[in-house]
Amino acid sequence: MFAKYFDWYYYKNELDSADISETRDVFQARLDALLRNLLRNKIPEEDAYLITAVIGEMGNNCFDHKQGIFKTLSHVRPDLKNHQEALQLAFEKKISGRFPEKRGNGLKFVRQVLNGNPSRGLFVSSGDATSNFGGDHFNPLESMSNTSNGVLAFLRWRIS
Amino acid sequence: MENFLKIEIKKFGDILVSRPAGKEALGVILAYMKPSSDVEFVELDFTDVKVMAPSWLDEVYTGLKEHYGERVKLLPTTNQSVIKSLETILAPDDE
């Protein structure tokens, strides 16, 4: 199911435009559809709302910054050493890529929703770095090199 | 007797996630939902909101606090996406 997305991310293969949210409006429309689908498939409301919030926050970050994690945070933290440090900073600290605006909550929210829950996990790859957040640790890139442009994120959320 | 202006957040939609949408909502609230006096409280009511993310809430809540300060109040909610979003934006800065 995810093979075509891996190929797009790693090998820059073409992807159908139907698989890409080119604008924030398209993304928002897909988010509405996602919530409807989750509820139609009997996912409990609380889980469906949180899943949609997490994906909504992460997706909107792409449109807010457009530069990826390392490059965005390098503007406010020029001492950032590498992608790994940027990834941790993005999800663990309340820091904005748009200093002096007092922002930068979104990814911390994502981490807080997932952490401590063994049935929720997020895998993120950014540049040559990877990281897991939440209680469910996994690595869908295990057999591949971790170097690519952009950010790849996988959310796994098990319903008990 | 204290007066309250209740703002029904659901009027802005039931999936509230992006900063631009939050900024737009703040503009509407400041322009058209003004307290009738400078002592009236402004209450945010999250009833029937399904999905909230901190980016949207930060724009609205922080924006209203800048205008009305301690007069901004939050009505209780059981929606976890609202609760977690609030916890996130109210957490102290790391730096």
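Side notes on the structure shown:
- Cα Rg, Dmax, the protein assembly as shown, angstrom units: 19.1, 67
- Taking one quarter of the surface of the C-alpha convex hull of segment B:4-90 gives a mean projected area of 4.9 nm².
- In chain B, the calculated helix contribution to ellipticity at 222 nm averages -10500 deg cm²/dmol per residue, counting -39,500 (n - 2.57) for every DSSP H run with n ≥ 4.
- Helices in chain A, meaning DSSP H runs of at least 4 residues, each add -39500 (n - 2.57). Divided by all residues, the mean residue ellipticity at 222 nm is -14500 deg cm²/dmol.
- Placed amide H near residue B:74: partners under 5 Å, 5+ positions off or other chain: B:44
- The HN-Hα couplings worked out from phi for segment A:23-29 by the Karplus form 6.51 cos²θ - 1.76 cosθ + 1.60 (θ = phi - 60°) are 10, 5, 5, 5, 4, 4, 5 Hz, whole numbers, x standing for Gly and Pro.
- Inter-chain shielding of B:45-53 (mean C-beta neighbours from other protein chains, 10 Å cut-off): 5
- For segment B:4-90: relative contact order, % (alpha-carbon pairs under 8 angstrom, 6 or more apart): 37
- Peptides A:8-16, A:50-58, ordered by how many other C-beta atoms sit within 10 Å of their residues on average, highest first, read A:50-58, A:8-16.
- Structure note, pairs A:42/B:10; A:66/B:11; A:71/A:93; A:93/B:50: Cα-Cα distances above 18 angstrom occur for A:42/B:10; A:66/B:11; A:93/B:50.
- By average C-beta atoms within 10 angstrom, highest first, the peptides A:64-75, A:119-130: A:119-130, A:64-75
- Between amide H atoms placed 1.01 Å from N, distances below 5 Å from residue B:51 occur with B:15, B:16, all of them 5 or more places distant or on a separate chain.
- Under-5 Å amide H pairs with residue B:6, H placed in peptide plane, nonlocal only: B:43
- Backbone HN-Hα couplings from phi across segment A:57-63 [Karplus 6.51/-1.76/1.60, Hz, Gly and Pro as x]: 5, 5, x, 5, 4, 4, 6
- Rough spin-label spacing in nm, given labels placed 7 Å along Cα→Cβ, for residue B:37 and residue B:10: 3.0
Here, each number is a calculation from the coordinates, and none is a lab measurement. Here the structure is a predicted model, which means the values were calculated and not measured. Backbone-built Cβ (ideal geometry, glycine too); neighbour counts: all protein chains shown.
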